[in-house]
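Coordinate-derived values only; no laboratory data. Quick caveat: nothing in here was measured; it's all calculated off a predicted structure. A quick note on method: Cβ atoms are made from the backbone with ideal geometry, for glycine too, and the neighbour counts reach across all protein chains shown.
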Amino acid sequence: MELLDRPLEDLCAEARALRDEGHGRLVTYSPKVFIPLTKLCRDVCHYCTFARPPRRGERAYLTLEKVLEIARAGAAAGCREALFTLGDKPELRYRAAREELAALGCETTLEYLHRAAAAVLEETGLLPHLRRPRSGSLRAGARTSARRTRRRACGSTRSRPQARSACRLRAES
């Protein structure tokens, strides 16, 4: 509670000093274009604002043509990476996802993701950056058995099948 009693200006100054000491003032980034391959997900995470159930008259997945249209626009704007976003295995929960994947000639969302990422790389040269649960290149999954940490950080993840036994600490890029 000691922090709550300190003036905000002092806290910000201390945070800046720690940042500068540890990392310097240089900030680097790689411009990315976001490609929402699907907004469907098998999970029911109460903190997620991205995922939603299928809607009548809407596609479950972006077409490859739409994926490439978004990627080309990103490349033209100076992006270097294509950040694919998608839910975790929506085909396990939604018939609409299974049916659309079958029509696309794929059995799984990951198979379609591979096809879309390859097309983006070949067509635009953008480096595919894949965002999905348990993706080692994007999210560092760290398990902890500390009850205190689990209670604080994971209360809303109980409905996620992959988070039943422990927390996932995310290092978002």
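Using +1 on the beta carbon of Lys and Arg, -1 on that of Asp and Glu, and nothing else charged, what's the dipole of the range 32-131 about the Cα centre, debye to 20?
It works out to roughly 400 debye.
Return the distance in nm (one decimal) between the two label points of a simple spin-label model at residue 119 and residue 46, each offset 7 Å from Cα along Cα→Cβ.
3.8 nm
So for the pair residue 92, residue 127, with labels modelled 7 Å out along Cα→Cβ, what separation do we get in nm?
Placing both labels 7 Å beyond Cα along the Cβ direction yields 3.0 nm.
Give the order of 12, 106 when sorted by the count of other beta carbons within 10 angstrom, beginning with the fewest.
Fewest-to-most Cβ neighbours within 10 Å comes out as 12, 106.
So how do 46, 129 line up by other beta-carbon neighbours within 10 Å, fewest first?
Taking fewest neighbouring Cβ atoms as first place, the list is 46, 129.
What percent do you get for the relative contact order of the range 32-131 when only Cα pairs under 8 Å and 6+ apart count?
36 percent
Could you please rank 48, 79, placing first whichever residue has the fewest other Cβ atoms within 10 Å of its Cβ?
Listing 48, 79 from fewest to most nearby Cβ atoms yields 48, 79.
Show the residues, 5+ positions off or on another chain, whose built amide H is closer than 5 Å to the amide H of residue 83.
33, 34, 35, 129
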